[in-house]
Each structure stands twice: as C-alpha cells, then as structure tokens.
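A short worksheet on the structure shown next.
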Amino acid sequence: MYNIVLFGPPGAGKGTQSEKLIQKYGLTHLSTGDLFRKHLGEGTELGNLAKKYMNEGRLVPDEVVIGMVEEKIASTKNSKGFIFDGFPRTTAQASALDEMLEKHDMSISGMIALDVPEDVLKARIKERGKTSGRVDDQDDAKINTRIKVYFDETLPVADYYEKQGKFKKINGVGAIDEIFSDITKVIDSY
Ligand code: AMP
C-alpha cells in the first residue's frame with residue numbers, strides 16, 4: 001500500500017500526474033481542490049463556506065479541510081492507498097493527516113514535490129484558465145495570491161516531511177511522461 005503526498009505550487013502538474021498515478025498503481029485520488037469544487041457545484045453548505053476563500057485564492061480554514069478529508073478516508077473502503085493532491089497545505093493539516101492515517105493503521109509513504117519555476121507556473125495556470133472554467137485560474141491578482149499563499153503557508157509542509165526523512169523533490173518541467181517516469185522511480189523505491 002502506498003500513501004503519497006504529491007506536492008507543489010498551483011500549476012505544478014499535480015492533477016495531471018495524479019491521473020496517471022491512479023491508473024498505474026490503482027490508488028484513490030484525494031484532491032481537496034476537486035472535492036471543494038464538487039461541493040461548490042452541488043451548492044452544499046461546505047461548498048458555500050469554501051467559495052469565498054477559493055475565489056480569492058486563499059486557503060480554506062484547516063478544520064473545514066481536515067473534516068472533509070477525514071470523511072473521504074473513512075468512506076473509502078478497500079483502497080490500495082491514496083494520492084493526496086493539494087493536501088496537506090499547512091503543517092496543522094499534515095499532523096492531522098498523520099493522526100487520521102494512524103487510526104486506520106496507515107502512514108504516509110513519502111512526499112514527492114514537483115519543482116517548477118514561478119514564471120512557468122503562471123503561464124500554465126493562465127493557459128489552463130482558458131478551459132478550466134475556474135475563476136481562480138483567470139485573473140493575475142488571484143494567481144499571484146495563490147502562489148504567495150503557497151510560499152508563505154504551504155512550503156513549510158515540505159520541512160515537515162523532510163524531518164521524517166520522507167521528502168523527495170523532482171523536476172516538474174519537461175515532457176509529462178518523463179516527469180511521470182521520475183515519480184514512479186521514487187514510488188517504486190518505497
Ligand atoms: P487546488 O485545486 O488544489 O488549486 O485548490 C483550489 C482552492 O481550493 C485553493 O486555492 C484553496 O482555496 C482551496 N483548497 C484546496 N485544498 C486546500 C487545502 N488543503 N487547504 C486549504 N484550502 C484548500
């Protein structure tokens with residue numbers, strides 16, 4: 001069983017690589033951004049709560065995110081493991097995740113961080129914004145906020161896993177298949 005945190009700033013390619021990873025390893029994709037967008041689309045209470053944060057590119061409060069992830073893990077039966085995509089984004093979320101997994105006799109195998117320079121991130125997000133329908137992909141100020149939030153609030157999560165000897169950074173620029181191959185080498189070493 002693998003439980004992998006796929007890490008990196010917005011636009012790093014986490015969603016794209018997650019799709020390929022779930023096919024190869026049969027893992028469950030747990031993307032908090034996707035879960036929030038589903039709630040938003042369905043107009044649930046959780047969706048309405050998350051909306052203003054998402055539309056401004058700010059983080060949804062920890063307790064809301066943690067509760068949602070807890071529910072998803074508890075309701076996923078017979079999984080071969082999870083790809084966590086866009087979660088954890090704060091160290092509080094990271095320690096909550098460790099506790100949750102422990103309850104289910106699981107643990108994080110490792111964090112794989114996709115390294116992509118800021119100019120490439122911004123260009124990719126704007127390109128995605130042409131088709132994603134996401135308001136947070138279409139506006140320079142919102143894109144800049146998301147990248148700033150990543151550096152200020154999310155980057156410390158890498159240290160959290162580094163301290164546990166579970167951190168690995170790989171180059172996230174280049175052909176999708178080459179990046180995928182680099183990721184699989186790390187996973188196959190677990
Ligand atoms: P993403 O699709 O991962 O870029 O997430 C889109 C938006 O959802 C983010 O800009 C946040 O507003 C919210 N979000 C997703 N995941 C988290 C998380 N782990 N913690 C806080 N907010 C999140």
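The values are calculated or read from the model by the stated rules, or taken from the named source; none is laboratory data. Bear in mind the structure is a predicted one, so any value in this text is a computation, not a measurement. Please note: Cβ atoms are built from the backbone with ideal geometry, for glycine as well, and neighbour counts cover all protein chains shown.
Structure notes:
- Candidates T91, T131: the one that is modelled with pLDDT of 95 or more and over 19 Å from K51 (Cα atoms) is T91.
- Qualifying residue in segment 84-104 (condition: within 14 Å of the ligand (Cβ to nearest atom) and of a type in the set (K, R)): yes
- Criterion (within 27 Å of K24 (Cα to Cα), of a type outside the set (F, W, Y) and crowded, with 18+ Cβ neighbours inside 10 Å) met by exactly one of I143, I83, I170: I83
- Leading residue by the ranking (farthest from the ligand (Cβ to nearest atom)) among those in segment 14-31 that are within 16 Å of the chain's Cα centre (by Cα) and of a type in the set (S, T, N, Q): T28
- Of V116, V120, V135, all but one fail to be among the β-branched types (V, I, T) and touching a Gly at 6+ places or on another chain (Cβ under 7 Å); the exception is V116.
- Against the conditions (1) among the polar types (S, T, N, Q); (2) within 27 Å of S132 (Cβ to Cβ); (3) more than 12 Å from the ligand (Cβ to nearest atom), N3 satisfies every one except (2).
- Selection status of D34, assigned to a helix (DSSP H, G or I) and more than 9 Å from the ligand (Cβ to nearest atom): no
- Test: residue in segment 139-155 that is more than 13 Å from the ligand (Cβ to nearest atom), over 19 Å from the mean Cα position of the chain (by Cα) and over 20 Å from V65 (Cα atoms): yes
- Residue within segment 4-27 that is free of Cβ contacts under 8 Å to residues at least 60 places away in the same chain and touching an Asp or Glu at 6+ places or on another chain (Cβ under 8 Å) present: no
- Only one of G57, G33, G110 that is surrounded by 15 or more Cβ atoms within 10 Å (Cβ to Cβ) and modelled with pLDDT under 95: G57
- Sole residue being within 14 Å of the ligand (Cβ to nearest atom) and assigned to a loop (DSSP other than H, G, I, E, B), chosen from G67, G47, G11: G11
- Residue in segment 55-62 that is under 17 Å from the mean Cα position of the chain (by Cα), more than 9 Å from the ligand (Cβ to nearest atom) and either part of a helix (DSSP H, G or I) or over 20 Å from D152 (Cβ atoms) (or both) present: no
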